[in-house]
1. Give me the percent relative contact order of segment 39-163, please, defined on Cα pairs under 8 angstrom at least 6 residues apart.
2. What percent does the relative contact order of the chain come to when contacts are Cα pairs within less than 8 Å and at least six residues apart?
3. Gain in length, D135 to S285, computed as 0.36 nm per residue apart minus the alpha-carbon separation, to one decimal in nm?
4. Go through C168, C213 and list them by solvent-accessible area, largest first, probe radius 1.4 Å.
5. Identify which of the listed values of mean projected area of the Cα convex hull in nm² was calculated from the structure shown: (1) 20.4; (2) 15.6; (3) 18.6.
6. Can you list which of the DSSP-assigned H helices in the chain have a Cα extent of 30 Å or more along the long axis and an average Kyte-Doolittle score of at least -1.0?
7. Among residues other than Q25 whose Cβ falls under 14 Å from its Cβ, what is the net charge (Lys/Arg +1, Asp/Glu -1)?
8. Residues of segment 12-160: accessible area per residue at 1.4 Å, in Å²?
Amino acid sequence: MIPGITPARLQRPSPDKNADIISIQSQVIYGTVGNSIAAPALEHHGWRVLAVPTFLLSNTPDYPSCFGGEISPEWFSGFLQGLHDRGQDTQLRAILTGYLGSTTKAAEVSRWLPETVQKNPRALVIIDPVMGDDDTGFYVDPALLEWYRDRLAPMATGLTPNRYELACLSGKTLNNDEDVIAAARTLLNQRTQWVIVTSAARGEAGNTLRVICVTSEAVHSIEHEAYDRAPKGTGDLFAAQLAAFLLKGLPLFEAAELACQMTRRSVLDSLNDGSGLLNPRPDISAERSEKNPD
């Protein structure tokens, strides 16, 4: 209890302000992955974010030491229940999920998400099915695939898998862009309107990457520089920037273009300052002026 403040004065005189976005993913104390980059990026755009951690670590595991681990099922379930008890799941604009890391987290989100979407039928639901990559294979329990494929992905407005994750979700072999597009369209349904495939392909010279945006009627490809020393968290930042621009009313392909530009600028800022940390508030105004002179 705060000295000099009575319990009565601590009571809120009015209802809590509602959150715009609930973001469910990992969190680090030092670093810019998961909610540690997504939340500040979203808040920079003016959105009120409630960050629900799935894992809490001192830093990413690639450092010589790392402390912390998975949030217990009881705590995680309680976090979501607490949001409900505070009325924070009733007027959402968006739900964003990133690294779940375990089937217990996937099961709890699969239980919570339908009820929350029912309360917020127009809410944007972006699911990044974080499971693995081409160079590593699965870096989570492979059993997560079934949860994403059968329970979570069908509830999304949009999905942001990388090439490896798209192949897993679709069960398709991806040899070229046409395969990527066809596989992405197998994930579309009445609710899931788009799939954006990050790191979909390398350019011919090997120094660029393509992001392929797929809807039932159109395809948009974005090519950007590839950086071998890019800091971790770029996918988390891209999904957050994408959500921010879509909530501002931008069309999907334009939102994806801007999210790519913001993520690229963040990577360059990190490489230039040597920090290894992404910038959640990159300035792309000069770059846009150069590309669109009067």
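1. Numbers: 146 pairs, mean separation 26.1, N = 125.
Worked out over segment 39-163, it gives 21 percent.
2. Details: 530 pairs, mean separation 44.2, N = 294.
Across the chain, relative contact order equals 15 percent.
3. Details: separation 150, 0.36 × 150 = 54.00 nm, distance 3.43 nm.
Fully extending the segment from D135 to S285 adds 50.6 nm.
4. On the way: C168 25, C213 0 Å².
If we order C168, C213 from most to least accessible, we get C168, C213.
5. Computed from these coordinates, mean projected area of the Cα convex hull in nm² corresponds to label (3).
6. Values: long enough: 252-273 (31 Å, -0.01).
Membrane-span-like by this rule: 252-273.
7. Net of charged neighbours comes to -2.
8. Numbers: 6840 Å² over 149 residues.
In whole numbers, segment 12-160 has 46 Å² accessible per residue.
The values are calculated or read from the model by the stated rules, or taken from the named source; none is laboratory data. This is a predicted model, so every value here is computed, not measured. No Cβ is skipped: glycine too gets one built from the backbone with ideal geometry, and neighbour counts run over all protein chains shown. For the accessible areas, the whole protein counts, side chains as well, though only heavy atoms, and no ligand, DNA or RNA atoms are used. Shrake-Rupley method; radii C 1.70, N 1.55, O 1.52, S 1.80 Å.
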